[in-house]
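S.K.: Handing you a structure now.
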Amino acid sequence: MDKTNLIRVAICLTYYHIGGLATTNIERLLKGSNMSVTNSKCFCPVCKKRIKCFFQLPIISYIICRGKCLECSSKIPVKSLVLEITVFAVMTVTSILFDFSPVGVLISFTAYEIIKIICIVINGKRENGFAKEYVISVLLMFIFFIMTEFMALLLYSIKS
Ligand SMILES: [Zn+2]
């Protein structure tokens, strides 16, 4: 595989990771949540046990575990899976449409923030500390944005 394709795959893997991150970065801003977006640990919503590392692979772990918690076998909300897939698909397709250009990456992350706002409008915002958590969630994404933008710039410097 040549270098440019390697970078394209790396960008898609970042979007895949962000898809998984959406379950904390977006869902914890929603009504009924009280955990911080900075707490990266994933918990089963019913038995509160930690979800083990391997099973934190977005989308794939949901399919392996058939949407159930391995500890208490209660169902993990399907909306988490829908959110993971939506984020990954929207960001990846946007970047492909813009040929993985730096502008495309900017639009991908803008799309992510729009998805976040749509989720908040539909579900309502969390009762405690919404403003603070929202700002932190955007800052966290900004770090990923800089990282991905760097990959896109590298890709374009190799291509030209
Ligand atoms: Zn459980």
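S.K.: Between 0 and 90 degrees, rounded to the nearest ten: what's the tilt of helix 3-25 against the longest Cα principal axis of the chain?
M.R.: 20 degrees
S.K.: Separate question: In deg cm²/dmol and to the nearest 500, what is the mean residue ellipticity at 222 nm of the chain if only DSSP H runs of at least 4 residues count, each as -39500 (n - 2.57), divided by the residue total?
M.R.: Computed mean residue ellipticity for the chain: -21500 deg cm²/dmol.
S.K.: So who's got an amide H within less than 5 Å of the one on Lys68, skipping anything under 5 residues away but keeping other chains? H placed 1.01 Å off N, in plane.
M.R.: Ile76
S.K.: In addition: How long are the three semi-axes of the equivalent ellipsoid for the chain, computed from the Cα gyration tensor as the root of 5 times each eigenvalue, in whole Å, largest first?
M.R.: 29, 19, 12
S.K.: Return the single residue from Ile64, Ile76, Ile117 with maximal mean-square fluctuation; model: Gaussian network over the chain, springs between Cα atoms under 10 Å.
M.R.: Residue with maximal mean-square fluctuation among Ile64, Ile76, Ile117: Ile64.
S.K.: For the chain, modelled as a Gaussian network with Cα springs under 10 Å, which listed residue fluctuates most, Leu13, Leu140, Leu97?
M.R.: Looking only at Leu13, Leu140, Leu97, the biggest GNM fluctuation is shown by Leu97.
S.K.: Between the range 4-72 and the range 88-121, how far is it from one alpha carbon centroid to the other, in angstrom?
M.R.: 19 Å
S.K.: Moving on. Between Ser40, Ser95, Ser137, which gets the highest mean-square fluctuation from a Gaussian network model of the chain, Cα cutoff 10 Å?
M.R.: Ser40
Bear in mind that the values in this text are calculations on the coordinates, not laboratory data. Values in this document were obtained by computation on a predicted structure and should not be read as measured data.
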